[in-house]
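Worksheet: one structure, shown below.
Since every read-out is calculated from the coordinates, none of them should be taken as a lab result. Quick caveat, the model's predicted, so the values are computed rather than measured. Cβ: placed from backbone, ideal geometry, glycine included. Neighbour counts: every protein chain shown.
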Amino acid sequence: MRTRATRRGLQLTELGLGAAQFGNLFRETSDEQAASAVAAAWDAGVRYFDTAPHYGLGLSEQRLGPLLASHPRSEYVVSSKVGRLLVDSPELAGQLDDEGFAVPAAKRRVWDFSRDGILRSLESTLERTGLDSLDIAYLHDPDDHLEQALGEGIQTLIDLREQGVVRAVGAGMKQSAALAALIRAADIDLVMLAGRYTLLEQGAADDLLPLAAERGVGVVIAGVYNTGLLSSARPAPGAKYEYEDAPGELIARANAIADVCERYGVTLPEAALAFPLRNPAVVSVVVGVRDAAQMTSNIERYSTPIPAELWTELRAESLLPDSPHRCA
């Protein structure tokens, strides 16, 4: 498994495990499934693992930490996120979480990008994971709280990095413009971008990626399959985009890309996983998995050689921007 480094020397494997499904995203994940996913990832050389308090109201963190505990701490990187404090909610007893996770609503999320909120969030993350330190801390989806997040929030994370509490800091969002603004405003290490730099859409190539490369900020790409639209050889019936029914024009575009892929003996998801890593600003692609089978499938996709001619033809057919993405 190849690695790429941030400018301060933190090494990330090019493929990372996203642990949202360890928090029962949309449906239950068993302890055995989560354990098998981590085991398959580790055996393949994956050493970057991403989680968040938001995922299953802490369940993802509670599962991931113990699953890594048997491995040398210096050999893997864990990122989690701040901005959503988990607060006890006895008034919701007997109800299920209403933000997509199949877990009891024993807690509720409270937005808080203040210094105190971030310190409390990180302390709780360490308690849930059982880790003695966190490698990467991201501001999580601060879209509606940008003033506080890009001010007090990121400064708090930078202070913690300078104190050695965390090794790298940044933010994770679904929009590239705000991440670009953060890079301009603060001395950060990484950003995590979900869904906006994929084989299907490359909006971040206009603002975020050139700036990140210029400033030496690493980009972690998530949502590489665009909510499942690119996760099979052809878009499946009822394919989703941003968790809703995919528009017809996007399905047609995905099928056109698949036509080109098939001419080169490549599947759509193999090309989708390879595409972001062609950009020199990208340091890792994080894929969400539920079990060993999903992890193994992604590892096989990552390991598939992609002919350079495939990218050339996609550009020629206007299915990618007419400028080649340099290989790192």
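Suppose a student asked you for the relative contact order of the stretch 40-168, using Cα pairs under 8 Å spaced at least 6 residues apart; what percent would you report? Write out the running numbers ahead of the final one.
Numbers: 196 pairs, mean separation 33.2, N = 129.
It comes to 26 percent, rounded to a whole number.
So what is the 222 nm mean residue ellipticity for the chain from helices alone, if each DSSP H run of at least 4 adds -39500 (n - 2.57) and you divide by all residues, rounding to the nearest 500 deg cm²/dmol? All intermediate terms of the calculation are to be shown ahead of the outcome.
Working: 10 runs with 110 residues, N = 328.
Only helices count here, giving -10000 deg cm²/dmol.
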Exercise. Along its principal axes, what span do the Cα atoms of the chain show, with the longest given first and each in whole Å?
Worked result: 55, 42, 38
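Under a Cβ-Cβ cut-off of 13 Å, what is the net charge of the residues other than L157 that fall near it, where Lys and Arg count +1 and Asp and Glu count -1? Intermediate results must be reported in sequence, preceding the final value.
Working: positive: K81, R115, R161, R167; negative: D135, E152, D159, E162, D187, D189.
Around L157, the charge tally is -2.
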Exercise. Lys/Arg Cβ at +1, Asp/Glu Cβ at -1, dipole of the chain taken about the Cα centre: which of P280, I158, A52 is farthest positive-ward?
Worked result: P280
Problem set entry | Ordering of 59-68, 112-121 by burial proxy (mean other Cβ atoms within 10 Å per residue, highest first) | 59-68, 112-121
For this session: Run the numbers on the stretch 12-316 and let me know its relative contact order in percent, using alpha-carbon pairs under 8 Å that are six or more apart.
Result: 19 percent
For this session: Please build a GNM for the chain, connecting alpha carbons under 10 Å apart, and tell me which residue among S74, S303, S176 fluctuates the most.
Result: S74
For this session: Towards the positive end of the charge dipole of the chain, with charges on Cβ (+1 Lys, Arg; -1 Asp, Glu), say which of L85, M1, Y197 has the farthest Cα.
Result: M1
For this session: Add +1 for every Lys or Arg and -1 for every Asp or Glu among the other residues with Cβ under 15 Å from the Cβ of A256, and state the total.
Result: -2
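Given the stretch 12-316, what percent of its DSSP beta bridges are antiparallel, to the nearest 5? It would help to have the intermediate numbers written out before the result.
Working: 9 of 41 bridges.
Within the stretch 12-316, antiparallel bridges account for around 20 percent of the total.
State to the nearest 20 debye the size of the charge dipole of the chain about its Cα centre, where the only charges are +1 on K and R beta carbons and -1 on D and E beta carbons. Before the final figure, lay out the partial values.
Details: 31 positive and 45 negative charges, 144 e Å.
The calculated dipole for the chain is roughly 700 debye.
At 18 angstrom or more along the helix axis (alpha-carbon based) and mean Kyte-Doolittle of 0.0 or higher, what helices does the chain contain? Whole DSSP H runs only. Kindly include the intermediate steps, with their values, before the conclusion.
Values: long enough: 31-44 (20 Å, 0.08); 115-129 (21 Å, -0.77); 248-263 (23 Å, 0.21).
Sorted by number, the helices that extend far enough and score high enough are 31-44, 248-263.
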Exercise. Which residue fluctuates the most in the chain, going by a Gaussian network model with Cα springs under 10 Å, if the choices are A19, A233, A194?
Worked result: A233
Problem set entry | Anisotropy class of the stretch 1-125 from Cα gyration tensor, a/c 1.5 cut | oblate
